[in-house]
Each structure stands twice: as structure tokens, then as C-alpha cells.
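Since every read-out is calculated from the coordinates, none of them should be taken as a lab result. Note that this is a predicted model, so its numbers are computed, not measured. For neighbour counting, all protein chains shown are included, and Cβ atoms are generated from backbone atoms with ideal geometry for every residue, glycine included.
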Amino acid sequence: MSFTDVSPSKPDVLRLDNTSTPTSATQFSAEGRINPVLPLIHLRGDEFGGLQTDTVRGLLNPSKYLLPKYLYDHRGSELFEQITALPEYYLTRCEQEILESSADEILSRAEANFWLVELGAGSGKKTRALLHAMRNRQMTNQALMRYLPIDISEEFLYASSLQLQEEFPAIDMQPICAEFLQGVGYLTMQRNEHYAGTQLLIYFPGSTIGNLTRNEAAEFFLKLRALLRENDVLLLAADMNASPEKPISALHEAYNDAAGVTAAFNLNILHRLNRELAADFPIEAYKHVAYYNAGESRVELFLESTRYHTVSIADYRIEIGLAERIHTEYSHKFNENMIRQMASLANFTSVASWTDAREYFRLYWLCAS
Ligand code: AVI
């Protein structure tokens, strides 16, 4: 997909060229005319082309695994939304608490002109707290600020951006449908060419960093840093590891909720493989397993087979043993030192951080140095 900047003198007006697939919503003006709003920048490739290859490769591995990105089909995303509202799943509420109490202070650290880039379509109270703080800043200074959410899911990105634009009409918004780093790359190009004096504030919410392996996280930091310039900022949300303030039981319950929503979320990947790859997993023969591995500082999620069976996928027949586990997700947890170290290896400096009342979760201001 490519895009064209309609007018270099007004670079905030972007047009998608006719090789791309612009999605635009409609809005009625005061005169009753229909106005297109919020054109969507679309940079996305076909990220699911590898479902079959990735699945077969993971199941043929001596320690079986499925890639966590495949947990998030439409149903998986719905189930994850439900998880965020569970009484046991404290992560979302803690981050919300931090932003509701500190968003003004956090954004007061930003330069006069900045773009808030959110990795993931922000629909919830967390994003609203930041947009409120942006609006507060806008009222006291005439600075240039934009909100730019990046998400791979066009449907979700579009719906959430439209809703937020209606609630915050004075804030300039531009949703971008892309992989995170691809979207940031596009924005840094725009910034460097047309808005040289603008600081990028990359907000990576939800402790999604924890779902990457350590190598992937290190690579993400390095690649992001390579796109940014000095004084740009990564505002990173990260769940804390177990500590005297945070018992392991809190972590255990967050991933083993009483209502079984996390189990349904985990098992949903098998439904997806049966549907999309014509596989024949006997889903009733699997159970959800999640526990905190203190040595690795992470929650580990598996699907455990309760009987021996074979599964057909494409031309493969794969044997699954009794009590054999298929790994589906890691959720790494961090203390301040771990984040500081990871950041500094990629030339970010941890300048400030904010936590919730129980010190379960933390937001870090990591400055590109
Ligand atoms: C998206 N991510 C930060 C969630 C987490 O807590 O690691 C995914 C999740 N998996 C099970 N519950 C929540």
C-alpha cells in the first residue's frame, strides 16, 4: 500500500492513493451533509499468510508450541476484552488507575509539540485519560498535538478511533492500520519531513511487551530506537513481577479466573485451527494450564492434552501424548531494574515511572538517548 501527501504545506492532510484501500467513515455535518472523516492510513500486509506453516512447525517441535499472535482472531479479541474486565485481571485497572491519577503529570513532561502514538487501538478509559490530559494542555498552550493509534485490526482500529474522535473533536487524530514498527516508521518519516520540531511519544500499553520472548523484546527495543531520534519517548506499560508487595497468588488468579474466560481464550486457538486449517483437535480433550514461573519471571500458558490422540493438519498427522503440553503464550513480568537494563541496551534512559497504589503495575518514561 502507498500513500500520497496531498499538500506539503498542509502535511496533516493525507490521501491514500488509488492502489490502496482507504476506509472512511461518514459523519453528518450541521447542514445535514455527509462528511467523510478519519481516513484510515493502511500499510498492512497479509500477516496471517503463515498460519499453517507456523502451526505445523510449532507442533513438530520437540516442545510443542503455537504462536501467541494466533490467539487473537475475532473471537480471541472479544475474549481478551472480557478478560480485561475480570475481577482477577488487575492489569487493565491498575494501568487505568495510574493514568487517571497521573496523565496530566505524565504529559507535562512532553515537549510543546508532540504526537501521541499508541501501539494498539485505544478504546478504553486509559486512552481517554491521556486524551483528557492532551485537551487540558491544548487549552493552556497553542501547541501542535496529534493522537495516532496504530493497530493491525482495521475493524477495531476504525471503530475505536471514530468513537474517540467524536468524544474529543478538538484533537487531531489519524488512525494507522499497520504492524507497530511499520506504523512508527511511517510516522517518523512524516515527522522528519514535515514536522521536524515534533516529539514522538510512543505509548505501548497493556504490558503487551510481556508477551514477547526476551529476544523479541530486545529486538523490538532496538528496532524502535533505530526509528526514533534523541528525546523521543517510549511510554511503556509493564506488569510487575512477584515481590513482597505482590503475591504470586495475584498473578496466578489473573490467569486462572473463576469464570473460565482465560481458559476459553486459550482454547479458542484450537477452534481457530480446526476452522481455518481444517484440523481436527478434540477440544474437549484439552485443558488450560497457566502458572507463574518465578525463575523466569513470567506466567506461562499451555494447553494440556488429557489423552493420547493424533491431529491431522494439511498432510501431517501429529501425535499428542497424554498430559503433553502445547505452549501458547508467555506473559513476562518485570521489576524496575529489568526495564532499565532492557531500555539502556537499546539507548533509552528510564527517566521516570509511575505505579498504582498496590505497586502491581508500572508506567515508564523511557527517553531515547
Ligand atoms: C495482551 N497481554 C498483555 C495479556 C497478558 O496479560 O499477558 C494477554 C493475556 N493472556 C491471558 N490473559 C491475558
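Cα-based values for the chain, radius of gyration first and Dmax second, are 21.6, 67 Å.
Here the Karplus relation 6.51 cos²θ - 1.76 cosθ + 1.60, evaluated at θ = phi - 60°, turns the backbone of region 214-225 into coupling constants of 4, 5, 5, 5, 4, 5, 4, 4, 5, 5, 5, 4 Hz, with x for every Gly and Pro.
Can you pick out the pairs among Lys64/Lys125; Lys126/Lys246; Lys125/Lys223; Lys64/Lys246; Lys126/Lys287 whose Cα atoms lie more than 27 Å from each other? Intermediate values should be presented prior to the final figure.
On the way: Lys64/Lys125 37 Å; Lys126/Lys246 22 Å; Lys125/Lys223 29 Å; Lys64/Lys246 31 Å; Lys126/Lys287 33 Å.
Flagged as over cut-off: Lys64/Lys125; Lys125/Lys223; Lys64/Lys246; Lys126/Lys287.
Can you pull out the trypsin sites (Lys or Arg not before Pro) in region 295-325 that DSSP calls coil and that have at most 16 other Cβ atoms within 10 Å? Present the calculation step by step, with values, prior to reporting the outcome.
Details: sites: Arg298, Arg307, Arg317, Arg325; in loops: Arg307.
Sparse-neighbourhood loop trypsin sites (Lys or Arg not before Pro): Arg307.
Cα-based Rg of region 226-369 per 2.2 N^0.38 Å, rounded to two decimals? Display every interim value, and only then the final one.
Working: Rg = 19.6 Å, N = 144, 2.2 N^0.38 = 14.5 Å.
The value comes to 1.35.
Which residue fluctuates the most in the chain, going by a Gaussian network model with Cα springs under 10 Å, if the choices are Ile326, Ile318, Ile202? Fluctuation is largest for Ile318.
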